Structures are given as C-alpha cells and as structure tokens.
Ligand SMILES: C[S@@+](CC[C@H](N)C(=O)[O-])C[C@H]1O[C@@H](n2cnc3c(N)ncnc32)[C@H](O)[C@@H]1O
C-alpha cells in the first residue's frame, strides 16, 4: 500500500465566482456562514489532507494491509481534502457537511481525481449514525457546540465496527477549562467512551492548511479504537 499515491495531473478546480451571497440549503445562519467562507477562496483549508490524519492512516496501513473495501465516514469534511485523499488510498468514502458550496467543490475535485465520494448534505446537529457501519470515522477541525459533540461522540461506538477507529484533530483552548467547543483531550476521551485512546495529545503546533489554518495553534490530536 502506498500512503502517498501520485497526485492526479490536474488538481485545480475552477470554482465559479458569483457576486450574490450563496443561499444556503439549510436555512440557518451557520450553514450560510460556511457557504460564504467556501465561496470566498479557492481552497479554504488547502488541498492536502490533514497531516495528523495522514500519519495515523499510515499506521493503520501497516495494520490493515490495504484499505480496499474499508468504509470511512468523514464528519464535516468541507471541500473534501481528507475524503478525496482517503478515496485515493482505496477507502470507500462518505463525507458529511452542511455547506452546499463545500460539497460541490469536493465532488468536482473527486471527479477530477477519478474517485467517488458519497456526500450527502447533512446538518450534524441532528445526525444519527448508521449502526456498526464504519471501519474509520474522521473528525478534522469540526468543533461543534458541546451538546452536538457530546451526542455525536457518544454514538461513535455504536457506529463503528469492532476494532474500528476514530481519528480527530480539533482546536483546543487550554486557557479556558470550561471551553465548550475546544475542550482538549481529557474531555474528548470522556465524550468518546467506551472507545479507548490509542494516542492522545494536547499540543501547540504550526498549521499550514490553506488561508484559514495558518500559524501556531493549540490542538488536540486523538486516535481511538473500539474494542471488540
Ligand atoms: C474548519 S472546517 C473543517 C473542514 C474539513 N474537516 C477540513 O479539515 O478541511 C469545519 C467544517 O464543519 C462544517 N460544519 C460545522 N457545523 C456543521 C454542522 N452542524 N453540520 C454539518 N457540517 C458542519 C462546516 O461547514 C465546515 O465545513
């Protein structure tokens, strides 16, 4: 298995620029906020997959051999940088997000790369997981309000197959112990129970992921497993 397959010849998607504000499919201001962000730049978080995800999937490659037939669910995958990469590694990929603009870019890009993404538009505030369905669930820089995070992550064990994995990187605010959106590794480990952490780290690191993720940030990195 090659965790770094060659790039496709053409990775630039021409995103049509329109002057009007995007009218979000979801009639809420959050989805509209994200639609506007995704319309404002070609690639809000770049086209490279998140590097913590890359590293952890590489370690899964040594364990699983190859990813063909493995099902992965990418929560809030935006423009699809993680989903497209995982599809190119051989995973069968479902991405979820409520931004119509991001979804459209991701699907065009996947087509250019010759891979398929299943990408339903979903508001994760009310999302119910398919049971026992996923080998891997990915959450990269998705920081919902605490009630949504707690409800979703409490369902991870139900959603994953036995030995399934959960990989997360999220922003962390260590200056505020009660930070509800950016709580850090201790709280996240509580949220994902009974999954058990394979690796967990709160740290400061330099991000270089498109115009919206640049420079030094406090993050939490978590890789967890559903025990059989
Ligand atoms: C910081 S971006 C990260 C996107 C992607 N994971 C990445 O790393 O490139 C956060 C994403 O969460 C999505 N999002 C936020 N709240 C959501 C919700 N309630 N339902 C679905 N998507 C949501 C936004 O549309 C946005 O694409």
Under a point spin-label approximation (7 Å from Cα along Cα-to-Cβ), what is the residue 213-residue 125 distance to one decimal in nm? 2.4
The range 50-225: D in µm²/s via Stokes-Einstein (Kirkwood Rh, Cα pairs, 10 °C, 1.306 mPa s)? 97
If the label point sits 7 Å along Cα→Cβ of residue 63, residues of the range 192-228 with amide N under 11 Å come out as 196-199, 223-228
Assertion target for 67, 142, ordered by fewest C-beta neighbours within 10 angstrom first, is 142, 67
May I ask you to list the residues of the range 93-107 whose amide nitrogen lies under 20 Å from a point 7 Å from Cα along the Cα→beta-carbon direction of residue 158? 96-97
Between the range 142-161 and the range 178-228, how far is it from one alpha carbon centroid to the other, in angstrom? 13
Please work out how much length the chain gains when fully extended from residue 133 to residue 199, using 0.36 nm per residue of separation minus the C-alpha to C-alpha distance, in nm with one decimal. 21.5 nm
Given a Förster radius of 22 Å and the C-beta distance between residue 180 and residue 33 as r, what FRET efficiency does 1/(1 + (r/R0)^6) yield to the nearest 0.05? 0.75
Quick one: of the DSSP bridges fully inside the chain, what percent are antiparallel, nearest 5? 55
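Any read-out appearing in this document is the output of simple, stated calculations on the displayed coordinates, not a laboratory observation. What you see is a predicted model; the values in this text were computed from it and never measured. All Cβ positions, glycine included, derive from the backbone under ideal geometry; neighbour counts span all protein chains shown.
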